[in-house]
């Protein structure tokens with residue numbers, strides 16, 4: 001997937017250097033904590049790490065005022081769970 005989305009890095013559920021570890025952790029988190037919420041594993045544009053976010057935390061035109069003043073960063077979606 002080459003979809004680019006913006007997230008506030010402070011909303012990250014976890015940060016990993018290994019893609020497989022990030023996906024595995026996201027699957028476990030989703031199963032144990034928030035089964036009804038979509039979780040995404042994203043890859044930072046300028047680094048080699050992977051982050052986990054709730055898909056609802058993506059910054060869009062609808063919620064950009066809420067995110068005003070935050071240091072949002074662009075990410076590429078790697079996996080959606």
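The values are calculated or read from the model by the stated rules, or taken from the named source; none is laboratory data. Since we're looking at a predicted model, the values are computed, not measured. Because the Cβ atoms are built from the backbone with ideal geometry, glycine has one as well, and the counts that use them run over all protein chains shown.
Remarks
- Restricting the stretch 7-55 to residues that are without any contact (Cβ under 8 Å) to a residue 40 or more places away in the chain and in a strand (DSSP E or B), the residue that is surrounded by the most Cβ atoms within 10 Å (Cβ to Cβ): 42
- Residue list for the stretch 56-81, restricted to those being at pLDDT 60 or above and part of a loop (DSSP other than H, G, I, E, B): 58, 60, 71, 72, 81
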